[in-house]
Amino acid sequence: ELFVIVAKESGYLEKLNQLSEQKKLDSFSYLQQFYQRLKSFEQRSEHPVLHAFLLEYTHERDAGEEGSLSVDLESGPDVVRIMTIHASKGLEFKHVFVVNLIDQRFPTNAKNDAIPFPEGLGLEEASEKEAHLEEERRLFYVAMTRAKKGLYLTSAEDYGGARKRKISRFLLELGFDPPQSHPQEFELFDEDLGPLEASSETTVKFAIPKQFSFTQLAAFRSCPLQYKFAHILKVPVMGKWTFSYGKTMHNTLQEFFSVWLARSETSDAVPVTLKELEEIYAHCWQDDWFVNDRQREEYRSQGLASLKNFYKKTKKNPPKPHSIEQPFTIKLGDVVLKGRIDRMDHFEGGVEIIDYKTGKPKTAKTISKEDKEQLLLYQLAVRDVLGLNPTRLTYHYLEDNSQVSFLGTGEQLLALQDSIIERVQDIRASKFDPTPGFHCSFCDFADICEFRQS
């Protein structure tokens, strides 16, 4: 918290934002990485104080850590990772290349023990060779099973040296028949091309995520520059009490309905008591980011009152929960979206999709087209990915436990798909033009944005 305050109020964030695009990107990346380093230390350290952090940080520097930028493999850019097979255990990749599949390299020859066993204690020589070969074969299996889509096994006769190499026995065991004819030789590089001309292109290519969330797309719709600050430059921001309160309420209801589903086979009524709900709420409460103790206790009481009212209404008209926190991944054209649905209930021969909101309640008259987008996206995912029939979409406002329900038409769902694809195309084209307006007063980056509306 102090780190973000100092970076913001000292004018450092504003200074970084005035740099050229590439320097800005690198500088904010370093800043964000250091911020995450601080948060990591705070979470795992028994003594999360400045002195202990500086001591650990000094040890890292002395050990040769230079603080280079880490690579986010999920967000891109696409990279090739070179590693040993042992290091790949537990990982998966879209494409895997297993190289050097020649005799005496893979499998390797068994090595003699540095300290030989006394006669009679070790394995027979033949048994040792067989054991080594089996271990190499298991390692080969590990390598092949790292691939999710494409597996490429490579071998060659010429790796330098006077003699030709023999193909690995593992390829022969797979049924590979080496070609008898001589392969055609070709040059990888054309020497006649000459030196490449220096490019005059100065545009910075940002690393664009391979997958998007509704939150990201909503931020871009509100203001593309805000999206750039938050999801491309990743400028550190202060946490908000609204997030702490919202997460508390969501986690409470998630655990409440988890217990409900676990007990639902033994009871037709509400299988969780009010006392249990209160205990769950106390356990899930998050203290972070409230302005002061008075505000914290005010919202603690408000949340408890809302949950009691929620329980009262639920007991009067019990729902039939289908699932909670249902994850999904949906592809619209070449756009991949991931999300998680708060709750689904059985309803009128299908499912009702429910999303909890802790903000100001809206009504059927005040809810906007943009407000409906999140549940319309969930409707698409439930229909096309989960194979269920959405029969109602509901925003449940926890402040007064009011609800707004609707169902998207085919025309609305098609319009949403087109809108999402268009937004992602603009993101990929780095179209981050500002759209100043009333929302500037709530923006985390208003202090460093030269386009903010006064």
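The values are calculated or read from the model by the stated rules, or taken from the named source; none is laboratory data. Just so we're clear, the structure is a prediction, and the values are computed from it rather than from any experiment. Positions of Cβ are backbone-derived with ideal geometry, glycine not excepted, and every protein chain shown enters the neighbour counts.
The set of residues in the stretch 366-402 being free of Cβ contacts under 8 Å to residues at least 12 places away in the same chain and either surrounded by 16 or more Cβ atoms within 10 Å (Cβ to Cβ) or assigned to a loop (DSSP other than H, G, I, E, B) (or both) consists of Thr366, Ser368, Arg383, Gly387. Please tell me if Thr409 is β-branched (Val, Ile, Thr) and closer than 30 Å to Tyr12 by Cβ. It is false that Thr409 is β-branched (Val, Ile, Thr) and closer than 30 Å to Tyr12 by Cβ.
A quick yes/no check of all residues on (1) within 30 Å of Val4 (Cβ to Cβ); (2) under 30 Å from the mean Cα position of the chain (by Cα); (3) touching a residue at least 12 places away in the same chain (Cβ under 8 Å):
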residue: Ser258; (1), (2), (3): no, yes, yes
residue: Ala269; (1), (2), (3): no, no, yes
residue: Leu277; (1), (2), (3): no, no, yes
residue: Tyr281; (1), (2), (3): yes, yes, yes
residue: Cys284; (1), (2), (3): yes, yes, yes
residue: Ile324; (1), (2), (3): no, yes, yes
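Within the stretch 275-295, restricting attention to residues that are surrounded by fewer than 14 Cβ atoms within 10 Å (Cβ to Cβ) and among the hydrophobic types (A, V, I, L, M, F, W, C), the residue that is modelled with the lowest pLDDT is Val291. Among residues of the stretch 41-64 that are within 17 Å of Phe3 (Cα to Cα) and of a type in the set (Asp, Glu), those with a beta-carbon under 8 Å from a residue that is in a loop (DSSP other than H, G, I, E, B) and modelled with pLDDT of 85 or more at least six positions away or on a different chain give the pairs Glu42/Pro48. Criterion first (hydroxyl-bearing (Ser, Thr, Tyr), at negative phi and at pLDDT 95 or above) does Ser441 satisfy it? It is false that Ser441 is hydroxyl-bearing (Ser, Thr, Tyr), at negative phi and at pLDDT 95 or above. The set of residues in the stretch 243-275 being out of contact with any Gly (no Cβ under 8 Å at 6 or more places or on another chain), closer than 30 Å to Phe438 by Cβ and among the hydroxyl-bearing types (Ser, Thr, Tyr) consists of Ser244 alone.
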